[in-house]
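The values are calculated or read from the model by the stated rules, or taken from the named source; none is laboratory data. Remember, predicted model here, so these are calculated numbers, not experimental data. Counting neighbours? That spans all protein chains shown, and the Cβs are built from the backbone with ideal geometry, glycine included. Each accessible area value is taken on the protein alone, full model and side chains, heavy atoms only, with ligands, DNA and RNA left out. Shrake-Rupley method; radii C 1.70, N 1.55, O 1.52, S 1.80 Å.
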Amino acid sequence: MRSVAAEGPVCRSWYKRPWWKTLVGVSCVVGRSKASFIANFVRLPQRSYSEVIERRMCTSLRKQQGAGDYGVLSDIERIYSLSDLHVDHSKNFKWLKEKLPNSQLGGNDLLLVAGDVSHDLDRIQQTFEMIRDICGCRIMFLPGNHEAWVPSTQNSSSIEKLEDLYDFCRGLDGVLVDPHLVLGTHPDAHPLWLLPLASWYDGSLTVEGCEDLCVDFKLWPWADFKRCNWPPEFPLDDQESPNARIPSGVAQYFHEQNQPHVDLVRRYLKENPTTSVLSLSHFLPNQQCLPDWKDLSAQSFEREWMDHGAPGTSAKFAKVAGSMGLDKQLRTLLPKRPTSEQFHLHVFGHSHRPKDFEYKGIRYAHNPLGNPRERLMYMVAPEVDMQLLWDTSIAGCGHVPAKQQVLRLWEEQGGGLVGLRERLELHGKSRRMRRPRNNSIWVI
């Protein structure tokens with residue numbers, strides 16, 4: 001795969017062609033004769049058909065928007081998702097190593113990983129190389145909050161570490177971190193934009209009516225508060241602020257980094273109304289994605305939904321869950337007149353509580369591996385697997401609908417509080433198990 005930013009000679013005649021003729025030419029190639037297309041480029045016999053298509057499309061995007069980190073994928077067939085791998089847990093790394101040989105992932109597939117693989121670069125590389133070696137698939141990765149942790153022995157900021165991580169991943173074979181346009185393997189498949197969106201939390205997802213549960217927020221042992229290191233331009237909120245210890249301006253900084261990508265995709269969708277969007281972020285984009293939100297028709301969060309043993313933890317987590325600014329960017333991509341030929345799916349991570357639902361024109365999906373205890377307690381499905389989201393081997397829009405809506409997995413499929421208590425009684429006596437305080441369903 002070659003990105004737009006990749007250096008190297010590009011056939012000068014391609015720049016002379018209007019961008020719309022290039023797009024029309026590619027659509028004809030995909031829909032009609034490959035031979036007639038390749039015959040026009042006999043001067044480049046060393047390049048494969050797929051590479052020629054990718055370079056033409058990349059050149060088209062560059063001519064429209066200026067140089068940027070965009071790419072085109074012409075051979076991706078299926079797209080799967082699995083987030084929050086947390087391979088620093090030895091059981092998680094073992095789970096992944098045993099799962100991959102029996103998974104459906106193949107050489108023409110793509111796995112979306114929406115953050116929290118590891119805070120260690122060597123471990124991230126080891127994990128991605130294992131996925132590549134066993135399955136041969138490509139990986140689209142977006143860093144999470146764990147990747148922003150800075151070792152105490154290093155005198156660098158979390159911003160610098162994340163920038164280095166992006167560059168590091170760009171150098172790994174088969175790992176993508178920038179927006180890509182997927183053409184599909186079926187001649188009549190509709191294009192799909194893959195749009196990773198960086199972010200952070202800013203307290204904007206705080207749930208109303210639960211202020212009393214957050215009075216001790218500044219004392220809450222959230223690991224990011226100690227393990228992230230932000231530069232001076234992102235000061236912490238005042239200790240008397242409801243959002244004390246949350247760095248000010250970090251979320252906005254990342255959203256500004258996203259904006260050129262969002263603008264590119266929005267303009268492309270306007271000219272190509274059959275193109276869909278599969279966006280991904282680590283952080284939550286709205287309150288409906290919070291673990292305890294259980295009624296999509298409700299206009300605001302209901303405190304009675306915190307009917308479990310850890311309402312305080314849930315209320316505090318909402319402050320560090322994500323940012324409404326993400327959802328604002330997502331909704332600028334929605335068409336004014338929705339059609340069945342265009343779909344928007346957003347994949348997110350971070351909460352370790354599976355979600356899958358449609359809300360105001362966007363499907364939101366979270367498929368986490370989580371940690372071993374969460375799977376044991378049915379906070380995460382014990383039989384969790386890579387989730388198939390898109391199939392470009394079929395004509396039209398390749399969106400694969402959800403098997404069922406998921407809002408609170410532990411309640412809908414795990415037996416609710418009764419099932420939770422039974423599992424606590426069954427596993428609570430093990431020396432290796434740590435019973436959470438107040439029978440908490442949260443393990444942060």
DSSP-defined beta bridges in region 311-401 - what % are antiparallel, rounded to 5
65 percent
Region 169-262, accessible area per residue, ligands and nucleic acids excluded (1.4 Å, Å²)
45 Å²
Looking only at aspartates and glutamates whose Cα falls under 15 Å of Lys270's and that sit 8 or more positions away or on another chain, we get Glu341
Zone of Asp167 (label point 7 Å along Cα→Cβ, backbone N under 19 Å): which residues in region 113-134?
120-125
Where trypsin sites (Lys or Arg not before Pro) fall in DSSP loop in region 263-365, at most 12 other Cβ within 10 Å
Lys336, Lys360
Jot down the radius of gyration and Dmax of region 117-255, Cα atoms only, both in angstrom.
18.6, 59
With the crude spin-label approximation of a point 7 Å out along Cα→Cβ, what separation in nm comes out for Met324 versus Val400?
3.5 nm
Using bins 10 angstrom wide from zero, how does P(r) for region 185-258 break down, in % of all Cα pairs?
16, 39, 23, 10, 9, 4
Keeping all protein chains in place, calculate the accessible area per residue for region 332-371 (probe 1.4 angstrom), answer in Å².
38 Å²
Over region 319-403, what is the relative contact order in whole percent, taking alpha-carbon pairs under 8 Å and six or more residues apart?
21 percent
The summed charge of the Arg266 Cβ neighbourhood (under 13 Å; Lys/Arg +1, Asp/Glu -1) stands at +3
Could you grab the relative contact order for region 99-158? Cα pairs under 8 Å, six or more apart, rounded to a whole percent.
43 percent
Once you put a point 7 Å from the Cα of Ser300 and another 7 Å from the Cα of Tyr359, both along the Cβ direction, what distance in nm separates them?
1.6 nm
Can you pull out the GluC sites (Glu not before Pro) in region 225-287 that DSSP calls coil and that have at most 13 other Cβ atoms within 10 Å?
Glu233, Glu240
Percent of accessible area on region 251-345 owned by carbon and sulfur, 1.4 Å probe?
48 percent
Cα pair distances in region 238-373, grouped into 10 Å bins until the bin that holds the longest one, percent each
10, 36, 35, 15, 4, 0
Heavy atoms only, probe 1.4 Å: what % of the accessible area of region 135-196 goes to carbon and sulfur, would you let me know?
45 percent
Given 0.36 nm per residue, what is the gain on full extension from Leu417 to Asp88 after removing their alpha carbon distance, in nm?
115.5 nm
Quick one: check the C-alpha center-to-center distance for region 346-400 versus region 118-185, whole angstrom.
20 Å
Let me check I've understood the local charge: for Cys214, count other residues with C-beta under 10 angstrom from its C-beta, Lys and Arg +1, Asp and Glu -1. What total comes out?
0
